[in-house]
Amino acid sequence: KEGFVRRMSNDVFAILMNRPMRHAEDERVLYRAVWDAAASGEGTFKDVLRTMLFDDVYTRPVGSR
């Protein structure tokens with residue numbers, strides 16, 4: 001199950017950010033949020049996409065108000 005979620009989240013993230021997700025490094029918190037979104041409810045593509053798009057790391061970058 002984790003392999004599928006990781007591949008799916010990496011594919012979605014690559015489409016959005018034009019690079020793979022660094023799930024083993026600094027984006028571990030985002031990966032956990034994506035995992036929780038996929039595990040709760042139906043775990044649809046829409047749930048994963050919404051989790052990535054509205055994550056604080058990308059909506060409120062360091063140095064912004």
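Some notes on this structure:
- Near pairs, Cβ below 6 angstrom, 6+ apart or cross-chain, from the stretch 4-27 (without any contact (Cβ under 8 Å) to a residue 12 or more places away in the chain) to any residue that is open to solvent by less than 30 Å² (accessible area, probe 1.4 Å): none
- Within the stretch 1-47, if we keep just the residues that are outside any helix (DSSP H, G or I) and aliphatic (A, V, I, L, M), the residue that is most open to solvent (accessible area, probe 1.4 Å) turns out to be Ala24.
The values are calculated or read from the model by the stated rules, or taken from the named source; none is laboratory data. What you see is a predicted model; the values in this text were computed from it and never measured. FYI the Cβ positions are ideal-geometry reconstructions off the backbone, even for glycines, and counts take in every protein chain you see. All accessible areas refer to the heavy atoms of the entire protein, side chains included, with ligands and DNA or RNA removed. Shrake-Rupley method; radii C 1.70, N 1.55, O 1.52, S 1.80 Å.
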